[in-house]
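A short write-up of the structure that comes next.
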Amino acid sequence: MISSGGKNLPLFKEVEALISPLGLTLIEVNRSDVKGKVTMRVILYKKDGAISTEDLENVYNAVYPRYQVLISRDLEMEVSSPGIDRNFKDTLEFKAFENRNVRIYSNAHSSYITGVISSSDDESVTLNDYTIVDKKEMGKEITIPFSDIAKAKLDGGLK
């Protein structure tokens, strides 16, 4: 099941404040502490095009120095784009990936539903030009409650 509320976590808010002035959207940030070493992973998205190596470098240069000072142990940081087939981990990703193709497994339909994300709110996502794969049913628009989604992922390219 896809979680919600990731955007409300303190680490997410801190990193988002550092990168939003760069015109990028934070998709995920996580931190793991193992044997005296801290690893941070930052996943970004850019609505108006592909993320460049310069974008990744700018985010690294904005985030790394702050956490290097805050963390008194070895810090390893990875900054990357979500990839074309990203598995969704949080409901906030539906908003970030509007106008992108998605593949959702719906418990109610017992099938995958593919389509283009047209909008989302706190409760659901709306897809345009959808197909319920197992039923070979197609339509213009469908709204799927988040509680009905078992898993979701980006489905290749842009709209």
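Computed from the coordinates by the stated procedures, all read-outs in this text should not be read as laboratory data. In this text, all values refer to a predicted model and were calculated from it rather than measured experimentally. Cβ atoms come from the backbone with ideal geometry, glycine included; neighbour counts cover every protein chain shown.
Which three semi-axes in whole Å describe the equivalent ellipsoid of the range 89-159, each the square root of 5 times a Cα gyration tensor eigenvalue, listed largest first?
Semi-axes, largest first: 16, 14, 11 Å.
Using alpha carbons only, how many degrees (0 to 90, rounded to 10) separate the axis of helix 53-70 from the longest principal axis of the chain?
50 degrees
Could you work out how far helix 10-19 tilts from the main Cα principal axis of the chain, as a 0 to 90 degree angle to the nearest 10?
Helix 10-19 and the main axis of the chain meet at about 80 degrees.
Could you run the Karplus curve 6.51 cos²θ - 1.76 cosθ + 1.60 with θ = phi - 60° over the range 127-133 and give me ³J(HN,Hα) per residue in whole Hz, x for Gly and Pro?
Listing the rounded values in order: 10, 9, 6, 8, 9, 8, 4 Hz.
Taking the inverse of the average 1/r across all pairs of different Cα atoms in the range 1-46, what Kirkwood radius in Å do you get?
This gives a value of 11.6 Å.
Rounded to whole Å, give me the distance from the Cα center of the range 99-154 to that of the range 1-65.
Each part reduced to its Cα centre gives a spacing of 26 Å.
From the phi of every residue in the range 99-107, what ³J(HN,Hα) in whole Hz does the Karplus formula 6.51 cos²θ - 1.76 cosθ + 1.60 yield, where θ is phi - 60° and glycine or proline is x?
These are the phi-based 3J(HN,Hα) values: 6, 10, 6, 9, 10, 10, 8, 9, 5 Hz.
List, in the order given, every pair from Lys35/Lys95; Lys7/Lys153; Lys95/Lys153; Lys95/Lys151; Lys13/Lys46; Lys46/Lys89 whose Cα-Cα distance in the structure shown is over 25 Å.
Lys35/Lys95, as the Cα separations exceed 25 Å there.
Per-residue ellipticity at 222 nm for the chain, helices alone: DSSP H runs ≥ 4 residues times -39500 (n - 2.57), over residue total, nearest 500 deg cm²/dmol?
Computed ellipticity for the chain at 222 nm equals -6500 deg cm²/dmol.
Given the Cα-Cα distance of Asp85 and Ser20 and 0.36 nm per residue of separation, how much length would full extension add, in nm?
In short, 21.0 nm is gained.
Kindly state, to the nearest 0.05, the FRET efficiency for Tyr60 paired with Lys13, given R0 = 22 Å and r defined as their beta-carbon distance.
It comes out at approximately 0.70.
Once the other residues with Cβ under 13 Å from the Cβ of Asn87 are scored (Lys, Arg +1; Asp, Glu -1), what is the net sum?
Cβ neighbours under 13 Å give a net charge of 0.
Binning at 5 angstrom from zero up to the longest distance, how are the C-alpha pair distances of the chain distributed in percent?
2, 9, 18, 19, 17, 13, 10, 7, 4, 2, 1, 0
Compute the signed sum of charges (Lys and Arg +1, Asp and Glu -1) over the other residues within less than 13 Å, Cβ to Cβ, of Lys7.
Neighbour charge sum, excluding Lys7 itself: -3.
Cα convex hull of the range 20-70: mean projected area in nm², to one decimal?
Over all viewing directions, the range 20-70 projects a mean Cα-hull area of 3.9 nm².
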